[in-house]
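Notes to accompany the following structure.
Please treat every number below as a calculation from the coordinates, not as lab data. This structure is a prediction, so every number in the text was calculated from the model and none was measured. Cβ atoms come from the backbone with ideal geometry, glycine included; neighbour counts cover every protein chain shown.
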Amino acid sequence: MRKELCQPVSHKEEGFTLLEMMIVLTVFTVCFGAALIPLRTIAEDVRNRQFFHQVERDLFAAQAYAVSKNANIVVDFFENKDRYYHIYTFEIPRKTIIKREIPERFIFDERGLDTITFLKTGTISRFGTFYFTTNEKTTKLIFLIGRGRFYFSEE
């Protein structure tokens with residue numbers, strides 16, 4: 001009976017070696033790290049989209065304000081090369097309607113407009129494009145001729 005309790009362990013039942021465990025952990029770490037790389041760009045894209053949605057809502061509000069209050073409204077991006085956009089009345093004394101910060105990731109691009117004015121009728125004073133440039137891409141805010149319509153486009 002004593003013989004049955006003290007049988008030697010077979011080499012097949014010893015488990016994994018340290019080298020095998022290290023190889024498996026390395027493979028898992030590489031796979032997990034590769035999965036996290038796109039998450040950073042996805043998060044940045046989400047932040048950019050949130051910013052552009054906010055700009056769009058503010059522009060619609062400025063246009064509605066111009067029509068409802070019968071006042072010309074100025075939208076000034078990167079005013080004096082500062083990191084904000086400013087929406088205010090054209091008449092003196094100027095009344096600030098909205099003033100929001102532009103995130104650091106956007107670089108001032110002098111190719112396009114810097115100011116647009118919504119007239120009392122809701123139309124715009126001139127048409128053109130604002131450029132929001134980051135390290136990876138450029139997003140254009142395009143104002144169409146006529147009714148004051150606008151849209152965003154990525155390059």
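For volume of the Cα convex hull per residue in Å³, which listed value, (1) 205; (2) 108; (3) 197, comes from the coordinates shown?
(1)
Could you work out the longest stretch of the chain that avoids the trypsin sites (Lys or Arg not before Pro) located in DSSP loops with at most 14 other Cβ atoms within 10 Å?
1-82
Can you tell which of V27, V55, V75 shows the greatest fluctuation in a Gaussian network model of the chain with Cα springs below 10 Å?
Maximum among the listed residues: V27.
Which one, A66, Y88, I142, projects farthest toward the positive side of the charge dipole computed for segment 18-154 from Cβ point charges (K/R +1, D/E -1)?
A66
Once every DSSP H run of n ≥ 4 in the chain is given -39500 (n - 2.57) and the sum is divided by its residues, what mean residue ellipticity at 222 nm do you get, rounded to the nearest 500 deg cm²/dmol?
-13000 deg cm²/dmol
From the phi of every residue in segment 59-69, what ³J(HN,Hα) in whole Hz does the Karplus formula 6.51 cos²θ - 1.76 cosθ + 1.60 yield, where θ is phi - 60° and glycine or proline is x?
Computed from phi, the couplings for segment 59-69 are 5, 5, 5, 5, 5, 5, 4, 4, 6, 6, 9 Hz.
Could you give me the ³J(HN,Hα) list for segment 23-34, computed from phi with Karplus coefficients 6.51, -1.76, 1.60 and θ = phi - 60°, whole Hz, x at Gly and Pro?
5, 5, 5, 5, 4, 5, 5, 5, 5, 5, x, 5
Less than 11 Å Cβ to Cβ from G122, Lys/Arg counted +1 and Asp/Glu -1: what total charge do the surrounding residues give?
Counting the neighbours of G122, the net charge comes to +3.
Net charge near K69: determine it from the other residues with C-beta under 13 Å of the C-beta of K69, scoring Lys and Arg +1 and Asp and Glu -1.
Result for the local shell: +1.
Compute the signed sum of charges (Lys and Arg +1, Asp and Glu -1) over the other residues within less than 9 Å, Cβ to Cβ, of K137.
Cβ neighbours under 9 Å give a net charge of -3.
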